[in-house]
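Q: Before anything else, here's the structure in question.
The values are calculated or read from the model by the stated rules, or taken from the named source; none is laboratory data. Being a predicted model, the structure only gives us computed values, none of them experimental. Every residue, glycine among them, receives a Cβ derived from its backbone with ideal geometry; neighbour counts consider all protein chains shown. Surface accessibility is based on the protein's heavy atoms, side chains included, excluding ligands, DNA and RNA. Shrake-Rupley method; radii C 1.70, N 1.55, O 1.52, S 1.80 Å.
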Amino acid sequence: KNKIYTMYTLFEKSLDSPGIGFLLFYRLWGYAPPLLAEGIGNYYSLSHYYAKKLLTSKQWVPLSELELTRNYRKQPPEVAFWEASSFVRFLIKSYDLDKFKLLYQKATDLTLDQVIQEVYQTNLSVLEKEWLSYLKTQKDSISDFYYLASMKTSNGHFDDAIELYGDMLSLFGKDDPAILRSLAYVY
């Protein structure tokens, strides 16, 4: 109930897990629907980057499909997870952590819409439109990309690291020698 076990293997050598994050929030703030709990558990990530990729590839799911735990669990895990993470990051950055904490602590599957209205004085569909507009202008830092790519490399997920470095080249400059050197290292 209050434990996470980590198994180290030849391919996974890190405690860099969102599971630890949302277990921490379950313990500190109590239960919340996965849209909120998994979102805050993965707060420090490249969630906006992955949410934008979902939008571009048309795999995106409206947030109304992620409100109830039952519906959240029916979605492809990586889609629900990255959208929740990005949406929660947006809420905290745009409205502040105290409001989000209040939402997290008061919301249940049955009351999420009402509590959103109470805390943010608007509904989920309006917040979703704001979030999607925010994603169009938001840019993750190059250091966040380097961190994730180096984690992927050290854990042997070379294809993921190559994809990240390729995206870094398109986002931060095709001739950046540091990115090219890191990409060559992974190859």
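Q: How charged is the neighbourhood of Tyr187? Take every other residue with its Cβ under 13 Å from the Cβ of Tyr187, and add Lys/Arg as +1 and Asp/Glu as -1.
A: Working: positive: Arg181; negative: Asp159, Glu163.
Result for the local shell: -1.
Q: Of all accessible surface on the chain at a 1.4 Å probe, what whole percent is carbon and sulfur?
A: 58 percent
Q: Here's a follow-up. Could you sort out which of Lys53/Lys106; Lys53/Lys139; Lys129/Lys174; Lys93/Lys129 sit more than 20 Å apart by Cα distance in this structure?
A: Those over the limit are Lys53/Lys106; Lys129/Lys174.
Q: For region 25-154, what's the relative contact order in percent, using C-alpha pairs closer than 8 Å and at least 6 residues apart?
A: With pairs under 8 Å counted, the relative contact order is 32 percent.
Q: According to the square roots a ≥ b ≥ c of the eigenvalues of the Cα gyration tensor, what is the shape class of region 30-110, taking rounded for a/c under 1.5, prolate for a/b larger than b/c otherwise, and oblate for the remainder? Intermediate values should be presented prior to the final figure.
A: Working: a/c = 2.12, a/b = 1.24, b/c = 1.71.
It is oblate, given that a/c is not under 1.5 and a/b is not larger than b/c.
Q: Provide the net charge surrounding Thr56, with neighbours chosen by a C-beta distance below 12 Å and charges set as Lys +1, Arg +1, Asp -1, Glu -1.
A: +3
Q: Another question about this same structure. More than 21 angstrom separation, counting every C-alpha pair in region 67-187; what % is that?
A: Here the tail beyond 21 Å accounts for 53 percent of pairs.
Q: Rounding to the nearest 10 and keeping the result within 0 to 90°, find how far the Cα-based axis of helix 18-29 lies from the longest principal axis of the chain.
A: Tilt relative to the chain: about 30 degrees.
Q: Around Ala161, with a cut-off of 12 angstrom between Cβ atoms, what is the net charge of the other residues, counting Lys and Arg +1 and Asp and Glu -1?
A: -3
Q: Then there is this: Mind grabbing the accessible area of Ile40 for me, 1.4 Å probe, Å², rounded to tens?
A: Answer for Ile40: close to 10 Å² accessible.
Q: So what is the accessible area of the chain per residue, in Å², with the probe set to 1.4 Å?
A: Details: 10770 Å² over 187 residues.
Per residue, the chain has an accessible area of 58 Å².
Q: If you don't mind, there's one more thing I want to ask. Using Cα pairs under 8 angstrom and six or more residues apart, how large is the relative contact order of region 82-151, in percent?
A: 25 percent.
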